[in-house]
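The values are calculated or read from the model by the stated rules, or taken from the named source; none is laboratory data. These numbers were taken from a predicted model, which means no experiment stands behind them. Every residue, glycine among them, receives a Cβ derived from its backbone with ideal geometry; neighbour counts consider all protein chains shown.
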Amino acid sequence: MKKIVVSLLLSLSLLGLGNAWAVDSLNISLAPEQANPPSPQMGDWLKFHSVIENSGSQAAHGVVAWISLVQVDPGHEQPVDLEDWSAHKAVTQAILQPGQQVKVEWPMRLIQAGAYRVVISAVDRETGHVMTSPFVDFQVRRKPVVDSGRILPVALGVPMLVLGMMAWRRYRRRTGV
Amino acid sequence: MNPITLIARKEAGELLMSGRGLAWLLALSVIMSVLSLLLVSNTELSLLDNAQVVYMVMGTVTALGALLAVVLGSDAVAGERERGSLMPLLLAPVTPSQIVFGKMGGQVAGWVVMYLLSLPYVWAVGSSGQNLTQAVAYLALFGTPVVLGFGFLGIALSARLRSVRSALLTSLITLMLLASPLLLGPSLRQSAIGKLFDAVNPFSAAVNSFDSVVIDSQPLAMQINRLAISLVWLVLTAVFAIRSVRKMEI
């Protein structure tokens, strides 16, 4: 019985060692660019830099890293579809040797106001789980995109202008000018 | 004065100075006003939604411009025939080519008026969003060949079908068919037939370019094929109109 328990513990610890290698195999850092606006608003561009490093002792094959964005406003927590925010959503690396690094730049156009959390995730062919970078939080200020003060005068003014032309024409015809 | 200029000025004058022409412009401006108010009534629009509003206004302006063009074009020859003014026009010292070029000049004037009328709306809905300058430029670049093409088609049908009603109905059916991308989103046009339709349809070329430039901020280099489709449409309809007017019978 003791032998079985010891064998089981040994197997589990070996599995743990395997997982530990997997957890430590890729180190991912994430930092906003220093030139980013301190208080960004809708329409601004932000850039994030990440370094994906193989800190393990074996080469990582088929590395895929991608950027994810989550809105974290209370009551509006949701993942964000990056379709309109960024054209640069993922990178791939066929092989990453031990100690080798890949530097990636992630540009992003701010489409909607709110509080956001960005993270870089990566997987390789051998590891059975996702490795992630630390989060970076940022806030996007609302930019007024619809100026009702402009629309109402135009919506009323243009038809009034045409009506004015019609009245002027009628006046000219009546007076024979 | 050059007969072409004379006829073009008469056509433009009928739009800007006649009660009927001004009533058309009033109706078009009311449609634009209602559309603008409806589109911007949502104050929670994101930056992208604002670009979407500008895109929709551009598509609507192109469709309304084409509508005005087919009405003017359908009346161009058949209207003269029904009012009894075609014979005096043909007896005047002008060639059929000069008549058709003069009518085309009237179409250009109609589109210029429609374009100028639409600029305040484009500015009002897009002034605080993205790619407003591009929207104004691309509305001129793509709207002009597409709208004038519909006008020239109307002139051709007006010369061939001999009645305003027939020419107008045929032109409107063509316009509704080609302008269907305004109603069908891109996802509904992903079938083989939809892609083929998009590849040859000048209206699709225009609205896809509006989408590409205003919403996706893509450059002119990516619009060359679409511009070529619009220009081919313009040339084909112009040739059709010229040949139809030259061959018309009293």
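For segment A:119-131, does any single residue satisfy the condition of being within 13 Å of chain B (Cβ to nearest Cβ) and either under 22 Å from the mean Cα position of the chain (by Cα) or under 18 Å from A:Leu30 (Cα atoms) (or both)? So far as segment A:119-131 goes, no, none of its residues is within 13 Å of chain B (Cβ to nearest Cβ) and either under 22 Å from the mean Cα position of the chain (by Cα) or under 18 Å from A:Leu30 (Cα atoms) (or both).
For (1) within 14 Å of B:Ser74 (Cα to Cα); (2) surrounded by 17 or more Cβ atoms within 10 Å (Cβ to Cβ); (3) among the small types (Gly, Ala, Ser), each residue gets a yes or a no:
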position	(1), (2), (3)
B:Phe150	yes, yes, no
B:Ala156	yes, yes, yes
B:Pro181	no, yes, no
B:Phe197	no, yes, no
B:Leu220	no, no, no
B:Leu236	no, no, no
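Is it the case that some residue within segment A:136-158 is within 12 Å of the chain's Cα centre (by Cα), within 14 Å of chain B (Cβ to nearest Cβ) and within 16 Å of A:Met42 (Cα to Cα)? Scanning segment A:136-158 turns up no residue that is within 12 Å of the chain's Cα centre (by Cα), within 14 Å of chain B (Cβ to nearest Cβ) and within 16 Å of A:Met42 (Cα to Cα).
For segment B:108-128, the criterion of a residue being more than 14 Å from every other protein chain (Cβ to nearest Cβ), without any contact (Cβ under 8 Å) to a residue 24 or more places away in the chain and polar (S, T, N, Q) is satisfied by no position.
Listed by position, the helices (runs of 4 or more DSSP H) enclosed by segment B:25-106 that each have at least 3 residues that are out of contact with any Lys or Arg (no Cβ under 8 Å at 6 or more places or on another chain) and among the hydroxyl-bearing types (Ser, Thr, Tyr) are B:47-76. Count of segment B:206-221 residues, restricted to those that are touching a residue at least 24 places away in the same chain (Cβ under 8 Å) and under 17 Å from B:Gln190 (Cβ atoms), is 3. Exactly one residue among B:Gly110, B:Gly129 is closer than 30 Å to A:Gln41 by Cβ and modelled with pLDDT under 95, and that residue is B:Gly129.
Listed by position, the helices (runs of 4 or more DSSP H) enclosed by segment B:179-250 that each have at least 3 residues that are of a type in the set (Val, Ile, Thr), in contact with a helix residue (DSSP H, G or I) (Cβ under 9 Å, 6 or more places away or on another chain) and under 22 Å from B:Ala66 (Cα atoms) are B:224-247.
If the condition is being crowded, with 20+ Cβ neighbours inside 10 Å and more than 16 Å from A:Pro153 (Cα to Cα), then segment B:106-130 contributes B:Gly106, B:Gln107, B:Gly110, B:Trp111, B:Met114, B:Gly129, B:Gln130.
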